[in-house]
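Asker: Have a look at this one before I ask anything.
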């Protein structure tokens with residue numbers, strides 16, 4: 001069957017597709033949809049043949065770049081040999097087993113056990129469901145609540161959305177009865193004249209007071225991204241994660257490090273929890289860069305201590321998804337890790353990522369750029385009406401969307417988020433492309449400023 005991929009045919013067919021996180025009515029009315037037709041390396045091409053720098057790597061995903069033959073061949077070869085089999089009951093297959101071994105060899109500490117799903121949302125839901133069962137098996141069935149943070153993003157399933165910052169579920173329901181949100185760790189916005197060290201102390205007091213008020217015997221876990229992603233690329237004060245982990249351990253609260261975005265090279269290491277932030281959590285969740293987006297796959301990586309409790313004699317693991325450890329997805333995961341190791345991509349990011357970070361942070365000399373935050377290939381840019389007061393733009397101005405549109409006209413895809421932009425490009429960005437990205441963004445911001 002030959003697909004009709006002409007612009008009119010695709011747009012007509014797209015009337016039946018529900019896109020994520022958008023104004024569906026406006027999208028259909030103004031037809032302002034971008035058709036991405038093909039991709040190669042750090043670039044994508046739209047239906048009109050325009051070349052665009054993929055400044056969001058699909059969606060934090062395509063770490064090794066588009067069109068990598070090794071990954072495409074891995075899928076093809078696996079489908080020819082074993083197209084599908086589940087990892088239910090006593091069944092396994094080579095791809096899932098070998099990938100699990102590879103992942104645990106890269107994970108810190110005693111995180112030696114992997115449960116596969118197909119999204120970061122499912123990985124985080126899995127983590128909490130496992131911990132509920134873990135605590136119940138220890139005779140503590142009331143330990144069910146989860147501590148999360150304002151500004152965090154943990155997914156879109158019913159529980160994961162409850163753990164996500166409330167702004168993402170406005171007008172929608174979620175499992176909010178299971179979640180308590182701690183203060184945002186965004187120093188630039190929330191510091192209120194304190195030093196960064198004082199702000200950190202204040203955040204830890206909020207954590208301690210929340211635990212005391214809720215009761216540690218009612219709290220199953222604390223979940224945190226090493227660097228917040230879709231909540232605005234917020235970097236907590238230095239030492240935040242170490243101190244939070246110490247407090248959690250003191251109160252028998254498990255620590256979930258949500259590395260759906262930060263793992264697999266984005267910050268220059270396969271996992272950032274220990275190598276960048278100096279912690280060994282009880283659980284790490286991962287997805288996106290694990291297959292570089294070539295196949296949907298996620299992992300919930302749990303400690304030996306947790307596994308020992310939930311796999312005691314007579315226990316059954318009553319959790320599962322049809323596509324857990326899908327052979328094609330697992331084969332891509334293996335090929336992705338091997339490619340990254342062979343090319344030294346995480347090590348390369350420690351250099352190129354810092355070049356990117358420096359280029360983006362140079363934009364702060366533009367009048368409306370209030371803060372540029374983040375690390376390596378994970379950057380957020382916040383726009384303000386006035387730098388001194390940090391007064392934000394009115395929502396009606398749609399400053400982020402306007403600048404994103406201006407950037408796309410000039411050959412760069414970025415992600416608008418209210419009064420901010422998020423950049424999370426492929427990890428194969430060259431210094432030349434980084435320089436071009438900075439130039440496009442600067443021109444786009446200045447053009448919108450002149451229009452205002």
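None of the figures in this text is laboratory data; all of them are computed from the coordinates on show. Remember, it's a predicted structure, so these values are computed and weren't measured experimentally. Every residue, glycine among them, receives a Cβ derived from its backbone with ideal geometry; neighbour counts consider all protein chains shown.
Asker: Rg to Rh ratio, the range 208-355, alpha-carbon atoms and Kirkwood radius?
Answerer: Working: Rg = 17.2 Å, Rh = 17.1 Å.
Here Rg/Rh amounts to 1.00.
Asker: Restricting things to alpha carbons, find the Rg to Rh ratio for the range 71-343 using the Kirkwood radius for Rh. Walk me through the intermediate numbers first.
Answerer: On the way: Rg = 18.5 Å, Rh = 19.1 Å.
Reported Rg/Rh (Cα atoms, Kirkwood Rh): 0.97.
Asker: Return the calculated 222 nm mean residue ellipticity for the chain, to the nearest 500 deg cm²/dmol, obtained by summing -39500 (n - 2.57) across DSSP H runs with n ≥ 4 and dividing by the residue count. Write out the running numbers ahead of the final one.
Answerer: On the way: 16 runs with 180 residues, N = 452.
That calculation yields -12000 deg cm²/dmol at 222 nm.
Asker: Further, regarding this structure: State the extension gain, in nm to one decimal, for the chain segment bounded by residue 318 and residue 355, taking 0.36 nm per residue of separation less the distance between their alpha-carbons.
Answerer: 8.6 nm is the gain from fully extending residue 318 to residue 355.
Asker: Here's a follow-up. Output the peptides 7-13, 66-72, 254-260 sorted from most to least packed, where packing is the average of other Cβ atoms within 10 Å over each peptide's residues. Don't skip to the end; give the middle numbers.
Answerer: Details: 7-13: 12.3, 66-72: 16.9, 254-260: 28.3.
By packing density, highest mean first, the sequence is 254-260, 66-72, 7-13.
Asker: If you count, for each residue, the other Cβ atoms within 10 Å and average over each peptide, how do 315-321, 270-276 line up from highest to lowest? Write out the running numbers ahead of the final one.
Answerer: Numbers: 315-321: 11.7, 270-276: 21.6.
For the peptides 315-321, 270-276, the packing ranking is 270-276, 315-321.
Asker: Right, another one. When Rg is the radius of gyration of the Cα atoms in the range 155-195 and Rh is its Kirkwood radius, what does Rg/Rh come to? List each step's numbers first, then the result.
Answerer: Numbers: Rg = 12.9 Å, Rh = 11.6 Å.
Using Cα coordinates only, the ratio equals 1.11.
Asker: Right, another one. If we sort 109-122, 391-404 on the protection proxy, mean other Cβ atoms within 10 Å, highest first, what's the order?
Answerer: On the way: 109-122: 21.4, 391-404: 16.6.
The peptides rank, most packed first, as 109-122, 391-404.
Asker: Can I ask one more? Mean separation of Cα pairs under 8 Å and 6+ residues apart, divided by the residue count of the chain: what relative contact order is that in percent? Walk me through the intermediate numbers first.
Answerer: Values: 858 pairs, mean separation 93.0, N = 452.
It comes to 21 percent, rounded to a whole number.
Asker: Ranking 419, 375, 210 by Cβ neighbours within 10 Å, fewest first, what do you get? Intermediate values should be presented prior to the final figure.
Answerer: Working: 419 23, 375 20, 210 16.
Ordered from fewest to most neighbouring Cβ atoms within 10 Å, 419, 375, 210 come out as 210, 375, 419.
Asker: Pop a pseudo-label 7 angstrom from the Cα along the beta-carbon direction at both residue 208 and residue 40 and give the gap in nm to one decimal.
Answerer: Calculated label separation equals 5.9 nm.
Asker: Grab the Cα-Cα distance for residue 250 and residue 77, subtract it from 0.36 nm times how many residues apart they are, and report the gain in nm with one decimal.
Answerer: Details: separation 173, 0.36 × 173 = 62.28 nm, distance 4.88 nm.
57.4 nm is the gain from fully extending residue 250 to residue 77.
Asker: Taking every eigenvalue of the Cα gyration tensor of the range 16-160, multiplying by 5 and rooting it, what semi-axes result, largest first, whole Å?
Answerer: Values: eigenvalues 237, 129, 46 Å².
Largest first, the range 16-160 gives 34, 25, 15 Å.
Asker: Which order results if 199, 88, 383 are arranged by neighbouring Cβ count within 10 Å, fewest first?
Answerer: Numbers: 199 21, 88 12, 383 24.
Least to most surrounded, the residues fall as 88, 199, 383.
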